[in-house]
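No value in this document is a laboratory result; all are computed from the given coordinates. What you see is a predicted model, and the numbers here were worked out from it, not measured in a lab. Virtual Cβ from ideal backbone geometry, glycine too; neighbours counted across all protein chains shown.
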Amino acid sequence: MAEQAFIESVREWLDEHHTEDVRAAPAESGLRNAFVKKLADQGWICPNWPKEYGGAALSFQEHIALVQEFRQRGVAVPEDVQSRNMIGPTLLEFGTEEQKLRHLPRIARAEVRWCQGYSEPGSGSDLASLSTKAVKEGDHYIVNGQKIWTSGAHEANWIYVLVRTNPDAPKHEGISMVLMDTDQPGVTVRPIKLISGTSPFCETFFDNAIAVDLVGQQDRGWTIGKRLLQHERAGISGMGATGVTAQPSGPVCYHLAELARQYIGEDANGRISDPAFRDEIIQYRFNQQAMQLTLARVRAENDSGETEAFATSIFKYVGANQSKAETELQVRIRGCQGTGWEGDTFTPGDIASTRGWLGARAISIAGGSNEVQLNIVAKRVLGLPD
């Protein structure tokens with residue numbers, strides 16, 4: 001009964017505030033920004049966070065109900081996975097009270113954007129070999145080095161960075177996590193243009209940059225860094241329970257079927273005329289539904305929101321493959337139109353489909369490559385030796 005009352009209150013609120021004008025407004029318009037502020041006032045941008053940090057302290061079931069209502073009504077929340085799904089939960093678990101009060105409310109109000117400083121030119125999957133150094137001076141750290149593939153660094157206000165604070169320790173030790181403002185002379189960001197035509201990734205250089213916060217203990221940051229990766233993998237797979245921006249499987253499957261009818265046509269019975277594509281779309285839908293049901297079961301078994309590392313690795317692996325399968329299907333359904341890059345002969349949807357297909361390949365690398373996830377499953381689930 002309590003859950004149903006909550007759902008009704010959400011619907012009433014959305015009826016009043018999520019008007020047709022808001023839905024039609026551009027992303028950065030005054031109307032849309034005012035609506036986001038109202039969401040933040042409700043604590044609904046990070047709804048499962050404690051109220052003192054800007055959340056709404058929703059229960060697990062209330063949070064899921066809120067996400068479902070948002071999805072059904074097409075409520076657009078500014079997407080910021082790095083802040084809400086990664087560093088936010090990490091600070092909730094490992095941050096000091098002062099760090100939580102300083103950083104989390106701004107995340108929960110969508111007033112700040114974060115990015116990740118993990119990978120380096122010589123340290124990708126073998127992240128523990130990182131060489132970016134930090135030296136403590138008084139109440140802060142001086143950071144020197146380079147990071148690469150720092151998603152969204154060109155738009156971020158803050159960055160969380162794994163640094164080496166003890167070069168004499170074994171590589172998995174002597175690592176710390178620090179936080180720093182990107183708007184300072186010692187931080188230089190250079191976007192990397194991808195084959196998809198976009199530049200979401202950057203190179204980030206630190207030249208005597210100042211980090212004001214240490215998360216956890218010095219030289220003990222490897223455990224914290226791995227925990228954050230669990231949050232990242234959970235977010236990529238759809239397992240994450242912090243944000244309210246993930247898309248459900250239903251509309252994607254519906255879109256594929258409608259796309260096939262548009263580009264391939266229908267038979268006399270109103271079915272997609274090519275039986276091979278019919279089978280592939282149905283198989284994709286079965287796989288997606290099976291994943292969503294399994295995710296729901298795992299979430300229900302983990303009301304605390306904590307999940308074993310191998311579970312996030314399994315779902316991250318499956319989710320990445322599903323994303324690649326969906327974008328590949330889109331391109332193949334469009335046929336020659338699915339190879340569009342630019343020009344008047346291609347629709348905006350054709351071009352977006354091509355670039356989405358190219359960009360989806362990065363999902364199998366971000367947050368730990370597919371091979372890394374399979375290694376985790378081999379060790380943690382199957383008990384195989386290194």
Can you compute the charge dipole magnitude of the chain about its Cα centre, using +1 on each Lys and Arg Cβ and -1 on each Asp and Glu Cβ, nothing else charged? Give it in debye, rounded to the nearest 20. 540 debye
Nearest 500 deg cm²/dmol is fine: what mean residue ellipticity at 222 nm does the chain get from its DSSP H runs of n ≥ 4 alone, each adding -39,500 (n - 2.57), divided by its residue count? -15000 deg cm²/dmol
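FRET efficiency for residue 382 and residue 283, Cβ-Cβ distance as r, R0 = 25 Å, nearest 0.05? It would help to have the intermediate numbers written out before the result.
Details: r = 26 Å, r/R0 = 1.05.
Given R0 = 25 Å and the Cβ-Cβ separation, E is 0.40.
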Just to confirm my numbers, what's the Cα centroid distance between segment 79-129 and segment 256-289 in Å? 41 Å
Per DSSP, loop GluC sites (Glu not before Pro) in segment 1-53 with at most 16 further Cβ within 10 Å: 28
Shape descriptor, segment 1-57: equivalent ellipsoid semi-axes (Cα gyration tensor, sqrt 5λ, whole Å, largest first) stand at 22, 16, 6
Cleavage-rule hits (chymotrypsin sites (Phe, Trp or Tyr not before Pro)) in segment 337-386: DSSP loop, at most 14 neighbouring Cβ within 10 angstrom: 341
Compute a Gaussian network model of the chain, connecting alpha carbons closer than 10 Å, and tell me which residue from 274, 41, 181 fluctuates the most. 274
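Considering only the chain, what is the antiparallel percent among its DSSP beta bridges, to the nearest 5?
On the way: 31 of 37 bridges.
DSSP beta bridges in the chain are roughly 85 percent antiparallel.
If you take the beta carbon distance between residue 19 and residue 139 as r and set R0 to 56 Å, what does 1/(1 + (r/R0)^6) give as a FRET efficiency, to the nearest 0.05?
Working from the Cβ atoms, E equals 0.70.
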Cα extents of the chain along the three principal axes, largest first, in whole Å? 76, 48, 46
Quote to one decimal, in nm, the extra length available between residue 293 and residue 183 on full extension: 0.36 nm per residue of separation minus the C-alpha distance between them. 35.3 nm
What nm distance separates the two modelled labels at residue 79 and residue 37, each placed 7 Å from Cα along Cα→Cβ? 2.6 nm
Low-density loop GluC sites (Glu not before Pro), segment 57-155, at most 16 other Cβ within 10 Å, DSSP non-H/G/I/E/B, are 79, 111, 155
Would you grab the residues whose amide H sits under 5 Å from the one on residue 201? Only those 5+ places off in sequence or on another chain, please, with H modelled 1.01 Å from N. 152, 192
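Can you tell me what the convex hull of the Cα atoms of segment 114-219 projects to on average, as an area in nm²? Each step should come with its number before you reach the end.
Details: hull surface 26.1 nm².
Over all viewing directions, segment 114-219 projects a mean Cα-hull area of 6.5 nm².
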